[in-house]
Amino acid sequence: MLKARERRLTVFLRILSALFGLAVLGYLIPALGGPLQSFYVNLPFVTNSVVKVGVLALLAFFASGDVRRHRHMIDLIILAHLISILATIIVLLWGNTDYLVSIAGWVSPLSRILLGSVVLDGVIVVMLAWFFLTAQREEYGLAYLSPQQYRALAALAEVIVAREPALLTAEEVARNVDRYLAGFRAKTKWIMKLVLTGMEVYPLLSLRPPLSTMESSQRLRFLRRRFYQDVTLRLVPELWRTVVQGMIRMSKQLAYLGYYSDPRTFASVGYVPFSQRSDSAKRLRKSPEGKHLPLKVMTASEITGERLRGDVVIVGSGAAASVLAHGLATSGRQVLMLERGEYVDPSQFTEDEVEMISRLYADGALQLSRDFRFQVLQGSCVGGTTVVNNAVCFDIPDDVLNHWNDRDSLNAGIDKPGLMKSFKEVRQLLGVERQGVNLNHGAPEFLDGTKRLKLNAAPDRFGAIEANIEGCLGCGYCNIGCRYGKKLSMLDTLLPMTQRECGMEALRIAAGCEARKLIGRGTTVTAVRCRLSDGRVIDVEGKTIVLSAGAISSSLLLLRSGVAAERAGKRLSFNLGSPMTAVFDRVLNSYDGLQISHYLEPRPSRGFVIETWFNPPVAQALTMPGWFDDHFKNMLRYNRMTCTGVLVGTESNGVARLAGLTGREVDFTPTRGDLDKLLAGLTLSGEIFLEAGATCVIPNTFRYMEFTAADELRRLPELIRDSSDITLGTGHPQGGNVMSGDSSLGVVNPEFRVYGYDNLYVCDASVFPSSIGVNPQLTVMALAQYAVPFVAGPRG
């Protein structure tokens, strides 16, 4: 049964059909006789006009019979009028229209008649397009995507994931994605709409019909050739190759997200949610769900007026911000935290990956580098990235700290004994301990291969990871929020602990409050201008201002404010990461257990760290190697797979800037040296798995590759020419506002104060002079603990 807006469209089409029919008579009858005959006969194209309007009448008539089945006829009606408008405008601009036309005694300039036709055609286009789009949105039940974008995504899903057996239709996949995109606020998600529109119209460039109108086998051949083979074989220019590669990567990931987030697909890949696992109740009895401490947070609706005032204003609520807040509050300062993300109580965390990604991640995990080849994952919620990371804790390597303090280099001026004391204090404060229960079920294969290759003893560093996790249940949901209170994130521990110990006034938190610009006079910052989630703008005044929003956001805030404009956002570095997937001939269920459980750091250092790693199906699908049939086949082997992630501390050649499509651009391309280290780590990971009996290992390369023998695998560095040949990402951006004793090189001095300002500080991973090459959470926290006395000093 047609819905209300479809019935409205049907009526309008019938009216158009009648009007076009009358127009046929309006052209034909005067030409046969009467006072207008001489005018019409003199026009050479009357018969063509009769045909044109007659065809439009027939299209409108048949389309009105079934607006769902015959929607392409409506497209043709709109397109015909757009062509008519374009042709008329061309005549008006470049044709001879300055003479008068006489019709039965009525005289008018030809230009006026042509303008009238443009207006009439325009009214028809606007009304028909509006009725058509609203009817389709109602038919499909869309909340964010346009009907054309929805159809493009459904067309992609049909050839990428909606295979036999038909667990979901392509339309259901597209609707799942529409709900996901509608479910969160992000400045960059419109790029997904642009990408899907590009996918739909891209075939027109090679004189083929739009993607969604192609027959499915023809569509698959087109995608394989234009979006895979042409890119892999470098048959298109580099700039165009970057655009095409970005379009297919993002659009296919949307299809994977829409398909593998649906519980109906879980059995096909062998996945069982934690709540349905046979031993979950036993695990919970042994380690009951922790009691969540209450946390008072102000939401946008609770903030009235145009100003907030605080003593110390901290931008951010993650690792550094929370440690700073605790230290400052216990030393007598009052803290007001500003968090651009929303407050999500841990009791609201669910097993739904898509829901949690949309609620807890910056830009819904859509933050990409300028060339769309590098994904930067960051939390955007109260508690920051600590809510969605794996809580892995490493001390800063000695050689890295020595490099930071090198007087011939940046000369960070960090007191080493003081920092080591801070590491110890943070470990005790947050309960950092070696993990030993409910570890990753795929890790034993990695352990076995490591032992066989004799990499499990000194000088190599190898073992279970340390983390601020207590009594892990092994649910595997570290990256979408631990509802069981086992991962001791800032949301679960330090923030509520500070309010309980020091009082609610000692720590106030404003959620949905994005810092946009620093306001100041001379060398003093007087306020932070913020935009609330409801769109209102307020000024938050403070005596001391601290930026702890992360390497990228803190850098962009300084740049937006004109502070340290020549140095902020520079020397950005990362822990570059890429996975190696191994397939075994037995069920492993690697999703069951702590996501990251073990690590290997070869010595002497080869510049990389290997960590065991696995995810629930959506996140795993987004990093699963392969395209089309290869990807689909690999997901069917999901429960027989295990993975490692290889981390490489990159050179400091990245830049964060106010540029690009979103005004939030990360410009980074790994150097050949970075890439070589990464490939060496991936090769060693694959060798470990093959030694343990893996049937094959698969790097996440753009051109699909499976390796079954170590000698084949060692050719990997020869096969990867540059970063476009392999999927890269990070959750660990570092640098941008580096610390240095030299004001010409650094943004902040050794006391974390921004050069040239009395009361402005930066304390987060952005002050790192270089990447540390291991998970940086503990170093971020220790630096924040170390910074407390500097920030808490004389009041600004």
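The values are calculated or read from the model by the stated rules, or taken from the named source; none is laboratory data. A quick note: this is a predicted structure, and the numbers were derived from the prediction, not measured. All Cβ positions, glycine included, derive from the backbone under ideal geometry; neighbour counts span all protein chains shown. Ligands, DNA and RNA are stripped out before the accessible areas are found, and what is left, the full protein with its side chains, is counted by its heavy atoms. Shrake-Rupley method; radii C 1.70, N 1.55, O 1.52, S 1.80 Å.
Counting only residues that are among the aliphatic types (A, V, I, L, M) and open to solvent by less than 20 Å² (accessible area, probe 1.4 Å), which one in the range 251-281 is nearest to Ala170 (Cα to Cα)? Even if it seems obvious, please write down each step before you answer.
As a first pass, look at the range 251-281 and keep what is among the aliphatic types (A, V, I, L, M): 254-255, 257, 267, 269, 272, 281.
Filter again for open to solvent by less than 20 Å² (accessible area, probe 1.4 Å), leaving 254-255, 257, 269.
On the way: Leu254: 12, Ala255: 9, Leu257: 12, Val269: 18 Å.
Among those residues, the one meeting the criterion is Ala255.
Residue pairs, Cβ under 7 Å, 6 or more apart or interchain, first in the range 515-528 and over 9 Å from Ile545 (Cβ atoms) and open to solvent by 60 Å² or more (accessible area, probe 1.4 Å), second at pLDDT 95 or above and among the aromatic types (Phe, Trp, Tyr). List them.
These pairs meet every condition: Thr523/Tyr757.
Starting from the range 6-17, take each residue that is closer than 14 Å to Thr134 by Cα and list its partners that are among the aliphatic types (A, V, I, L, M) and outside any helix (DSSP H, G or I), counting only C-beta distances under 7 angstrom and pairs at least six apart or across chains.
Going by the 7 Å Cβ cut-off, the qualifying pairs are Glu6/Val67; Leu9/Val67; Thr10/Leu2; Thr10/Val67.
Kindly provide the set of residues from the range 397-428 that are modelled with pLDDT under 95 and among the hydrophobic types (A, V, I, L, M, F, W, C), ordered by number.
Listed by number, the list holds a single entry, Leu410.
Just one of Leu181, Leu194 is of a type in the set (A, V, I, L, M), out of contact with any strand residue (DSSP E or B) (no Cβ under 8 Å at 6 or more places or on another chain) and surrounded by fewer than 19 Cβ atoms within 10 Å (Cβ to Cβ); which is it?
Result: Leu194 is the single residue among Leu181, Leu194 that is of a type in the set (A, V, I, L, M), out of contact with any strand residue (DSSP E or B) (no Cβ under 8 Å at 6 or more places or on another chain) and surrounded by fewer than 19 Cβ atoms within 10 Å (Cβ to Cβ).
From the list Glu566, Glu541, exactly one residue is under 21 Å from Val791 (Cα atoms) and either surrounded by fewer than 23 Cβ atoms within 10 Å (Cβ to Cβ) or among the basic types (Lys, Arg) (or both). Which is it?
Working: Glu566 fails: under 21 Å from Val791 (Cα atoms).
Answer to the selection: Glu541.
Among the candidates Tyr591, Tyr599, which residue alone is open to solvent by 10 Å² or more (accessible area, probe 1.4 Å), in a loop (DSSP other than H, G, I, E, B), in contact (Cβ under 8 Å) with a residue 40 or more places away in the chain and not hydrophobic (A, V, I, L, M, F, W, C)? Steps first, please.
Numbers: Tyr599 fails: in a loop (DSSP other than H, G, I, E, B).
Going through Tyr591, Tyr599 in turn, just one is open to solvent by 10 Å² or more (accessible area, probe 1.4 Å), in a loop (DSSP other than H, G, I, E, B), in contact (Cβ under 8 Å) with a residue 40 or more places away in the chain and not hydrophobic (A, V, I, L, M, F, W, C): Tyr591.
Taking Leu257 as meeting all but one of (1) farther than 30 Å from Val762 by Cα; (2) part of a loop (DSSP other than H, G, I, E, B); (3) touching a residue at least 24 places away in the same chain (Cβ under 8 Å), write down the number of the exception.
Of (1) farther than 30 Å from Val762 by Cα; (2) part of a loop (DSSP other than H, G, I, E, B); (3) touching a residue at least 24 places away in the same chain (Cβ under 8 Å), only one is false for Leu257: (2).
Just give me the residues in the range 439-462 being closer than 19 Å to Asp592 by Cα and in contact (Cβ under 8 Å) with a residue 60 or more places away in the chain, in sequence order.
First, the residues of the range 439-462 that are closer than 19 Å to Asp592 by Cα: 439-448.
The answer is Leu439, Asn440, His441, Gly442, Ala443, Glu445, Phe446, Leu447, Asp448.
Which members of the range 463-496 meet the condition of being aromatic (Phe, Trp, Tyr) and modelled with pLDDT under 95? First the steps, then the outcome.
Start the filter on the range 463-496 by keeping residues that are aromatic (Phe, Trp, Tyr), which leaves 477, 484.
Listed by number, the list holds a single entry, Tyr484.
Can you tell me which condition Gly663 does not meet? The list is (1) buried (at least 23 other Cβ atoms within 10 Å of the Cβ); (2) more than 26 Å from Asp629 (Cα to Cα); (3) not β-branched (Val, Ile, Thr), and all the others hold.
(1)
Can you tell me which of (1) buried (at least 24 other Cβ atoms within 10 Å of the Cβ); (2) over 20 Å from Arg277 (Cβ atoms); (3) of a type outside the set (Asp, Glu); (4) out of contact with any Leu (no Cβ under 9 Å at 6 or more places or on another chain) is the one Lys633 doesn't meet?
Only one criterion is unmet by Lys633, namely (1).
I'm checking my understanding of the structure. Among residues of the range 54-79 that are surrounded by 17 or more Cβ atoms within 10 Å (Cβ to Cβ) and touching a residue at least 60 places away in the same chain (Cβ under 8 Å), which one is farthest from Thr10 (Cα to Cα)?
So, considering only residues that are surrounded by 17 or more Cβ atoms within 10 Å (Cβ to Cβ) and touching a residue at least 60 places away in the same chain (Cβ under 8 Å), the one farthest from Thr10 (Cα to Cα) is Ile77.
Of the numbered conditions (1) open to solvent by 10 Å² or more (accessible area, probe 1.4 Å); (2) more than 15 Å from Asn479 (Cα to Cα); (3) in contact with a helix residue (DSSP H, G or I) (Cβ under 6 Å, 6 or more places away or on another chain), Arg586 fails exactly one; give the number of that condition.
Unmet for Arg586, out of (1) open to solvent by 10 Å² or more (accessible area, probe 1.4 Å); (2) more than 15 Å from Asn479 (Cα to Cα); (3) in contact with a helix residue (DSSP H, G or I) (Cβ under 6 Å, 6 or more places away or on another chain): (3).
What number of residues within the range 1-53 are of a type in the set (A, V, I, L, M), surrounded by 17 or more Cβ atoms within 10 Å (Cβ to Cβ), more than 17 Å from Val126 (Cα to Cα) and modelled with pLDDT of 80 or more?
The number of residues fulfilling the criteria is 3.
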